[in-house]
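Let me begin by presenting the structure, written as structure tokens, before commenting on it.
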Amino acid sequence: MALLLKTHYKLARSAIKENRTRSLLTGLGIAIGVASIILILSLMGSISNLIKEQTKEIGADLIVVRPNSSKDNITSIVEEFTAANSFQKSSLAIDDVTAIKKVKNVSAAAPIAISTNTVDSEKNNFESVPILGTNRDFIKIEPLALRYGAFLTEENEENSVVLGHTLSLALFNTVNSTVGKTVTIMGEKFMIVGVLDEVDRSINFDNVDFDNALIMDIKSLDKITGSTQIQQINVKAANTDSLETISNDIQDALINQKLGDKNFSVSYGDEITHPASNLFNIVSGMLAIVAAISLVVGGIGVMNIMLVSVAERTHEIGIRKAVGASSRNILMQFLFEALILCIFGGILGLVLGYILAFLLSVITPFAPYISWEIIAITFLTTVGIGIIFGIYPALKAATKNPIDSLKHYR
Amino acid sequence: MSENILIELQGLTKRYGYGDTESFALKDFDLTIKRGEFIMIMGPSGCGKTTLLNIIGLLDRASKGKYILNGENVASISARRQAKLRAKKIGFVFQNFNLIEDLPVIDNVALPLVYTGYSKTAQLKAASNALKRFHLNEREYYLPYQLSGGQQQRVAIARAIVGDPEIILADEPTGNLDSRASHIVMEELKAIHGEGNTIIMVTHNPSLTSYATRVINMLDGQIDTDVKTVSDANLPQPISVKIKKKKKAEEPEFVEISTQKTEKSDKKEEKTQKRKKSRRKK
């Protein structure tokens with residue numbers, strides 16, 4: 001049997017070699033599909049790697065509370081996608097932060113609420129600046145460095161803001177003399193108490209681009225916008241040994257606080273690795289669908305070429321059957337040809353996908369991410385495509401009548 | 001010598017079409033073929049000669065009737081085993097040679113061995129030996145179109161005998177050849193017959209009947225005349241079993257993979273040996 005498989009492999013290889021251009025083009029169809037899958041997987045892998053590194057930097061004592069634990073299923077993602085963001089109500093409230101702070105072994109808890117608004121300095125005026133509403137604990141949890149001034153403190157947290165590096169440049173064309181100046185948001189004046197150092201990390205588990213953000217106390221944000229949506233609460237544990245106990249305690253405390261409402265999730269360690277935004281899930285889901293479609297199109301190309309190949313080699317099939325090939329032998333011969341075409345396309349796609357991922361890494365922070373899982377997925381997908389789209393032409397070849405086939409000439 | 005009966009056809013009927021278009025390629029055809037016969041089937045076009053050959057060669061099935069091959073009713077043999085039988089017991093020679101144009105001569109000859117579990121080396125060795133017998137060993141890696149018609153037909157015959165089949169079916173093997181090439185091909189077939197193979201050949205050329213031990217004239221799907229020129233007792237027979245077993249130990253690569261090692265496979269080995277001896281003499 002193994003011997004026969006080897007023969008089938010050799011036959012298929014020589015058949016593919018004979019029609020070099022045709023095989024290359026067919027393989028290319030598969031390669032494009034595989035390349036897009038590789039690109040998406042590599043992108044997702046590198047994003048979760050980035051976040052993993054960040055959480056490592058922040059420390060092993062980080063616990064994150066996020067609203068809507070049911071967000072993982074498809075309906076809620078679709079809901080999120082179709083509903084306008086402003087109408088959504090987060091299940092977390094400012095009071096929950098206070099409740100978490102009271103939990104044993106919690107040393108700090110900071111909410112993250114993002115709102116966009118127009119920020120006005122004397123010189124410039126910017127629409128839709130992301131405003132991060134949090135509290136003074138935030139700096140204890142996140143390793144944010146200040147270039148000038150200080151973070152929010154107990155004394156100044158009302159009416160004070162901290163600017164991101166890029167935002168400061170944009171508003172005042174400078175970073176060094178910004179502290180002490182004021183900005184106007186929704187008619188309220190806020191004093192700038194600090195400017196952050198450059199972070200250059202637009203993808204992170206907070207889903208906040210700190211360089212472009214304006215940070216203020218969540219209560220002030222609540223006052224000017226009327227309502228704040230807490231997208232996550234970062235918690236710092238006092239010790240790293242009992243993260244599980246602490247997160248369970250937080251869970252209990254929150255359920256208690258929210259009168260039994262369990263519409264939130266508490267995670268720590270590697271669980272935090274996916275970005276908070278569902279937009280990420282939606283975009284990668286859409287990309288995956290597009291990639292799957294291109295793979296199916298590639299598969300149809302393989303089927304088409306295999307049908308041509310079977311028709312062209314009808315005479316050969318007749319000869320082979322006459323000298324003793326069983327229908328199964330013929331089936332295997334053509335199935336192998338389709339499989340090898342697909343695997344060849346898969347390898348081409350793997351290379352192409354990583355070239356694209358590398359090119360992408362030049363202009364974005366996403367380093368190409370290679371793992372054996374990705375390669376295994378690629379291999380299995382191409383084999384699957386080969387079998388699905390190769391079986392029909394192979395069956396057609398196998399069921400040909402030898403007498404009629406022998407009469408058939410090119 | 002009833003055990004010497006190789007093929008038995010009883011009431012074989014092959015019908016094409018239905019109703020008004022119904023026609024019979026074979027009609028209640030009875031024929032018994034003994035081992036070692038060289039049968040020539042003649043007759044006008046459309047009298048069912050090729051259909052008969054296809055049915056004997058397990059490429060086609062009769063609409064009605066019984067076909068007993070080696071004492072076994074073919075109707076009860078699975079399609080897979082029929083393919084195996086085609087590979088091991090039956091060799092085909094066609095009028096238009098039917099070689100695979102993309103494969104070199106040696107691979108064409110080795111084709112039946114691909115499906116019988118020979119190793120690649122054994123395949124090439126056997127194919128090379130078969131080609132040597134037809135003085136084509138210098139053209140092993142030619143492609144079929146680079147050979148003359150007579151050479152192509154000899155390649156086809158080499159392919160037919162490479163697996164040591166018992167039955168050679170030839171459908172007008174000289175139909176596309178000039179008289180000189182025809183003569184060479186017929187001499188080869190005669191030599192193969194002399195080694196104890198059964199040959200059934202369809203031809204239009206009456207001058208070739210001198211090679212046969214039996215000439216059958218067909219008309220409208222039935223036997224018109226049936227003349228035996230050699231008595232059954234004088235038919236060439238495969239040599240007896242004894243020499244065989246030694247051979248097996250010497251050449252393990254030729255041992256069959258199938259678990260059923262019957263006397264028949266032994267006989268085959270013997271033939272190989274005999275053939276080699278005759279080559280040495282040459």
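The values are calculated or read from the model by the stated rules, or taken from the named source; none is laboratory data. Predicted, not measured: the structure shown is a model, and the values here were computed from it. A quick note on method: Cβ atoms are made from the backbone with ideal geometry, for glycine too, and the neighbour counts reach across all protein chains shown.
In segment A:212-233, which residues are in contact with a Leu (Cβ under 7 Å, 6 or more places away or on another chain) and not polar (S, T, N, Q)?
Result: A:Ala213, A:Leu214, A:Ile215, A:Asp217, A:Ile230, A:Ile233.
Quick check on segment A:195-202. Is at least one of its residues among the polar types (S, T, N, Q), surrounded by fewer than 19 Cβ atoms within 10 Å (Cβ to Cβ) and either touching a Lys or Arg at 6+ places or on another chain (Cβ under 6 Å) or not in a loop (DSSP other than H, G, I, E, B) (or both)?
no
Identify, please: which residue in segment B:96-105 is of a type outside the set (Asp, Glu) and touching a helix residue (DSSP H, G or I) at 6+ places or on another chain (Cβ under 7 Å) and is, among those, farthest from the other protein chains (Cβ to nearest Cβ)?
In the first step, residues of segment B:96-105 are kept if they are of a type outside the set (Asp, Glu); the result is B:96-100, B:103-105.
Subsequent filtering for residues that are touching a helix residue (DSSP H, G or I) at 6+ places or on another chain (Cβ under 7 Å) retains B:97-100, B:105.
Numbers: B:Phe97: 10, B:Asn98: 5, B:Leu99: 7, B:Ile100: 5, B:Val105: 14 Å.
Checking each candidate, the answer is B:Val105.
Just name the residue that is surrounded by the most Cβ atoms within 10 Å (Cβ to Cβ) out of those in segment A:1-25 that are more than 14 Å from chain B (Cβ to nearest Cβ) and aliphatic (A, V, I, L, M). Talk me through it step by step, then tell me what you get.
Applying the first criterion (more than 14 Å from chain B (Cβ to nearest Cβ)) to segment A:1-25 yields A:21-25.
The next check asks that each one be aliphatic (A, V, I, L, M); those that pass are A:24-25.
On the way: A:Leu24: 15, A:Leu25: 12.
In this case the residue turns out to be A:Leu24.
Which one of B:Tyr115, B:Tyr18 is without any contact (Cβ under 8 Å) to a residue 12 or more places away in the chain, out of contact with any Lys or Arg (no Cβ under 6 Å at 6 or more places or on another chain) and of a type in the set (Phe, Trp, Tyr)?
Details: B:Tyr115 fails: without any contact (Cβ under 8 Å) to a residue 12 or more places away in the chain.
None of the other options fit; the residue is B:Tyr18.
Just the residues that are among the aromatic types (Phe, Trp, Tyr) and either over 17 Å from A:Phe336 (Cβ atoms) or assigned to a loop (DSSP other than H, G, I, E, B) (or both), please, taken from segment A:357-410.
So in segment A:357-410, the residues among the aromatic types (Phe, Trp, Tyr) come out as A:358, A:366, A:369, A:372, A:379, A:389, A:392, A:409.
Hits for segment A:357-410 are A:Phe358, A:Phe366, A:Tyr369, A:Trp372, A:Tyr409.
So in segment B:99-113, with the set limited to residues that are under 26 Å from B:Ile56 (Cα atoms) and crowded, with 23+ Cβ neighbours inside 10 Å, which one is nearest to the chain's Cα centre (by Cα)?
Filtering first and then ranking leaves B:Pro112.
Given A:Gly187, A:Gly133, A:Gly180, A:Gly149, which one is crowded, with 22+ Cβ neighbours inside 10 Å and of a type outside the set (Val, Ile, Thr)? So that I can check it myself, show each step before the final result.
On the way: A:Gly187 fails: crowded, with 22+ Cβ neighbours inside 10 Å; A:Gly180 fails: crowded, with 22+ Cβ neighbours inside 10 Å; A:Gly149 fails: crowded, with 22+ Cβ neighbours inside 10 Å.
After ruling out the rest, the residue left standing is A:Gly133.
Tell me yes or no: at least one residue of segment B:161-181 is within 13 Å of another protein chain (Cβ to nearest Cβ) and in a helix (DSSP H, G or I).
yes
Can you tell me which condition A:Leu350 does not meet? The list is (1) surrounded by fewer than 21 Cβ atoms within 10 Å (Cβ to Cβ); (2) assigned to a helix (DSSP H, G or I); (3) more than 12 Å from every other protein chain (Cβ to nearest Cβ); (4) not hydroxyl-bearing (Ser, Thr, Tyr), and all the others hold.
Going through (1) surrounded by fewer than 21 Cβ atoms within 10 Å (Cβ to Cβ); (2) assigned to a helix (DSSP H, G or I); (3) more than 12 Å from every other protein chain (Cβ to nearest Cβ); (4) not hydroxyl-bearing (Ser, Thr, Tyr) one by one, A:Leu350 breaks only (1).
Just a yes or no: is a residue in segment A:350-365 closer than 30 Å to B:Ala87 by Cα and free of Cβ contacts under 8 Å to residues at least 40 places away in the same chain?
No, segment A:350-365 contains no residue that is closer than 30 Å to B:Ala87 by Cα and free of Cβ contacts under 8 Å to residues at least 40 places away in the same chain.
Suppose we filter segment B:118-138 for residues that are modelled with pLDDT of 90 or more, closer than 17 Å to B:Ala156 by Cβ and surrounded by fewer than 21 Cβ atoms within 10 Å (Cβ to Cβ); how many remain?
So the count comes out to 3.
Residues of segment A:356-410 being under 19 Å from the mean Cα position of the chain (by Cα), over 23 Å from A:Gly346 (Cβ atoms) and of a type in the set (S, T, N, Q), which ones?
The answer is A:Thr364, and nothing else.
Test B:Gly221 against the stated conditions and say whether it is touching a Leu at 6+ places or on another chain (Cβ under 8 Å) and crowded, with 16+ Cβ neighbours inside 10 Å. It would help to see each step written out before you state the result.
Values: touching a Leu at 6+ places or on another chain (Cβ under 8 Å): yes; crowded, with 16+ Cβ neighbours inside 10 Å: yes.
The answer is yes for B:Gly221.
Could you go through segment A:26-45 and let me know if any residue there is modelled with pLDDT under 90, within 14 Å of chain B (Cβ to nearest Cβ) and part of a helix (DSSP H, G or I).
Looking through segment A:26-45, none of the residues is modelled with pLDDT under 90, within 14 Å of chain B (Cβ to nearest Cβ) and part of a helix (DSSP H, G or I).
If B:His135 passes every condition in (1) in a loop (DSSP other than H, G, I, E, B); (2) under 27 Å from B:Leu53 (Cα atoms) but one, which one does it miss?
Unmet for B:His135, out of (1) in a loop (DSSP other than H, G, I, E, B); (2) under 27 Å from B:Leu53 (Cα atoms): (2).
What do you reckon, is A:Phe336 within 14 Å of chain B (Cβ to nearest Cβ), touching a helix residue (DSSP H, G or I) at 6+ places or on another chain (Cβ under 6 Å) and either buried (at least 21 other Cβ atoms within 10 Å of the Cβ) or part of a helix (DSSP H, G or I) (or both)?
yes
Quickly run through segment B:59-95 and pick out the residues that are β-branched (Val, Ile, Thr), in a loop (DSSP other than H, G, I, E, B) and either more than 14 Å from chain A (Cβ to nearest Cβ) or surrounded by 20 or more Cβ atoms within 10 Å (Cβ to Cβ) (or both).
Of everything in segment B:59-95, nothing turns out to be β-branched (Val, Ile, Thr), in a loop (DSSP other than H, G, I, E, B) and either more than 14 Å from chain A (Cβ to nearest Cβ) or surrounded by 20 or more Cβ atoms within 10 Å (Cβ to Cβ) (or both).
Working carefully through the options B:Thr51, B:Thr116, find the one that is within 11 Å of another protein chain (Cβ to nearest Cβ), of a type in the set (Ser, Thr, Tyr) and in a helix (DSSP H, G or I).
B:Thr51
Within segment A:251-268, does at least one residue satisfy the condition of being at pLDDT 70 or above, under 15 Å from A:Asp61 (Cα atoms) and part of a helix (DSSP H, G or I)? Reasoning before the result, please.
Step one: list which residues in segment A:251-268 are at pLDDT 70 or above, which gives A:251-268.
Applying the additional criterion that residues be under 15 Å from A:Asp61 (Cα atoms) yields A:266-268.
Next, only the ones that are part of a helix (DSSP H, G or I) stay: none.
No: segment A:251-268 contains no residue that is at pLDDT 70 or above, under 15 Å from A:Asp61 (Cα atoms) and part of a helix (DSSP H, G or I).
Please state which of the following conditions B:Asn108 fails to meet, knowing it meets all the rest: (1) more than 8 Å from chain A (Cβ to nearest Cβ); (2) outside any helix (DSSP H, G or I); (3) modelled with pLDDT of 90 or more.
So B:Asn108 meets the others, but not (2).
On the given criteria, is A:Ile330 β-branched (Val, Ile, Thr), surrounded by 15 or more Cβ atoms within 10 Å (Cβ to Cβ) and under 38 Å from the mean Cα position of the chain (by Cα)?
Values: β-branched (Val, Ile, Thr): yes; surrounded by 15 or more Cβ atoms within 10 Å (Cβ to Cβ): yes; under 38 Å from the mean Cα position of the chain (by Cα): no.
No; evaluated as a whole, the condition is false for this residue.
How many residues does segment A:285-332 contain that are within 14 Å of chain B (Cβ to nearest Cβ) and not basic (Lys, Arg)?
The number of residues fulfilling the criteria is 18.
Filter segment B:139-149 for residues that are part of a loop (DSSP other than H, G, I, E, B) and either facing chain A (nearest Cβ under 8 Å) or surrounded by fewer than 17 Cβ atoms within 10 Å (Cβ to Cβ) (or both) and give the result.
Residues satisfying the conditions are B:Tyr141, B:Tyr142, B:Leu143, B:Ser148.
Give all pairs with beta carbons closer than 8 Å in which a residue from segment B:87-111 that is at positive phi meets a residue that is part of a strand (DSSP E or B); count only pairs at least 6 apart in sequence or on separate chains.
Qualifying pairs under 8 Å: B:Asn98/B:Phe92.
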